[in-house]
Amino acid sequence: MLSTCYTFSAYFAIVIFVFGILCKVWKYAIIPNPLKIPLTPAPTNAVGVIFRVFLDAAFFKSLFNSNKFIWLGGCAFHLALLVVVASHIRFFISPVPELIMLLQTFFQSIGIFIGLLFIAPIGYLFIRRVWVDRIRFVSIFADYFVLILLFFIGLSGITMKYFIRPDLVAVKAFIMGLISFAPESMPTNPIFITHFTLILILLVYFPFSKLIHSFGIFFSPTRTQIDNPREKRHINLWDR
């Protein structure tokens, strides 16, 4: 019964995640930009815009310019997130390529460091929202919820890896069963069940949260518009 429940929950969460993101991206793509509002100093050609968006998306350049301490924490968190996602690839493919196995061996040697690098910035951001008056004033429940959710996902992952280890063969069999639409029994390890449940909640919540900024940055007119108001008249859909 538990396996059946989580199987349907996993498929439901994935559908909501994918469909929700596609709807958000479509909405961002069709919303007219009535004004020319690139954030200056802005590029004056398309190549410059592409480079600017790349720097913001990959290296958080605008955050670096505004707050270097938070930028450092953000880079640490996103780097740790990238390593964590990469280290989970072996659970989703079979057979596992040799390159992935080599990477996995490397990740295991720095596992606890990456785990702490994942949850430490989250803890800092939570304390900052509670401690700093001006940040607390503009914070809402959703801001705290996503930080708590990510923190416990990371904490449960560290717990599974170093303290209460699940049967990894059973874990992979369960996940591969979901992928192949031939569900297997779910591992009964309580920490794995907690970890998996939190991830499903994150998948459902993602398209409706501020985490969608990871896609929205590519549609922000302050970043994606060319600064050429004198050279070319700005035309938007409302003018047609």
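The values are calculated or read from the model by the stated rules, or taken from the named source; none is laboratory data. In this text the structure is predicted, and so the values were computed from the model without any measurement. Glycine also receives a Cβ, built like all others from the backbone with ideal geometry; neighbour counts cover every protein chain displayed. For accessibility, only protein heavy atoms count, side chains too; no ligands or nucleic acids. Shrake-Rupley method; radii C 1.70, N 1.55, O 1.52, S 1.80 Å.
Of all residues in region 190-210, those satisfying the criterion of being open to solvent by 40 Å² or more (accessible area, probe 1.4 Å) and more than 24 Å from Thr159 (Cα to Cα) are Phe208, Lys210. Filtering region 109-141 to residues that are open to solvent by 100 Å² or more (accessible area, probe 1.4 Å) and within 25 Å of Gly157 (Cα to Cα) leaves Phe113, Ile127, Phe141. Being at pLDDT 90 or above and not acidic (Asp, Glu) is the requirement here; does Phe69 meet it? No, not satisfied. If only residues of region 1-46 that are surrounded by 14 or more Cβ atoms within 10 Å (Cβ to Cβ) and touching a His at 6+ places or on another chain (Cβ under 9 Å) are counted, the one that is farthest from Asn236 (Cα to Cα) is Lys36. When Phe54 is tested against the conditions (1) more than 20 Å from Ile217 (Cα to Cα); (2) surrounded by fewer than 14 Cβ atoms within 10 Å (Cβ to Cβ), the lone failure is (1). Taking residues in region 190-215 that are over 23 Å from Cys75 (Cα atoms), and partners anywhere that are open to solvent by 40 Å² or more (accessible area, probe 1.4 Å) and of a type in the set (Gly, Ala, Ser), the pairs with Cβ atoms closer than 6 Å and at least 6 places apart or on different chains are Leu200/Ser9. There is at least one residue in region 159-172 that is in contact (Cβ under 8 Å) with a residue 40 or more places away in the chain, of a type in the set (Phe, Trp, Tyr) and more than 28 Å from Leu22 (Cα to Cα). Report yes if some residue within region 157-179 is at pLDDT 90 or above, under 19 Å from the mean Cα position of the chain (by Cα) and either surrounded by 16 or more Cβ atoms within 10 Å (Cβ to Cβ) or among the aromatic types (Phe, Trp, Tyr) (or both); otherwise report no. Scanning region 157-179, I find at least one residue that is at pLDDT 90 or above, under 19 Å from the mean Cα position of the chain (by Cα) and either surrounded by 16 or more Cβ atoms within 10 Å (Cβ to Cβ) or among the aromatic types (Phe, Trp, Tyr) (or both), so the answer is yes. Annotation: Pro187 fulfils all but one of (1) of a type outside the set (A, V, I, L, M, F, W, C); (2) assigned to a loop (DSSP other than H, G, I, E, B); (3) open to solvent by 50 Å² or more (accessible area, probe 1.4 Å); the unmet one is (3).
Can you pull out the helices (runs of 4 or more DSSP H) entirely within region 53-169 that have at least 3 residues that are closer than 30 Å to Phe181 by Cα? Reasoning before the result, please.
Values: elements: 61-66, 68-87, 98-109, 111-131, 133-138, 141-162.
It comes to 68-87, 98-109, 141-162.
Contact annotation: residue pairs with Cβ atoms under 8 Å, 6 or more positions apart or on different chains, pairing a residue in region 1-14 that is within 17 Å of Ala182 (Cβ to Cβ) with a partner that is at pLDDT below 90 and open to solvent by 70 Å² or more (accessible area, probe 1.4 Å), are Ser3/Pro183; Ser3/Glu184; Ser3/Ser185; Thr4/Pro183; Thr7/Pro183. Out of curiosity, is Pro207 touching a helix residue (DSSP H, G or I) at 6+ places or on another chain (Cβ under 7 Å) and at pLDDT below 90? Judged against the criteria, Pro207 is not a match.
If you check Ile179, Ile175 for being touching a Phe, Trp or Tyr at 6+ places or on another chain (Cβ under 8 Å), farther than 16 Å from Leu2 by Cα and either of a type in the set (S, T, N, Q) or touching a residue at least 60 places away in the same chain (Cβ under 8 Å) (or both), only one passes: Ile179.
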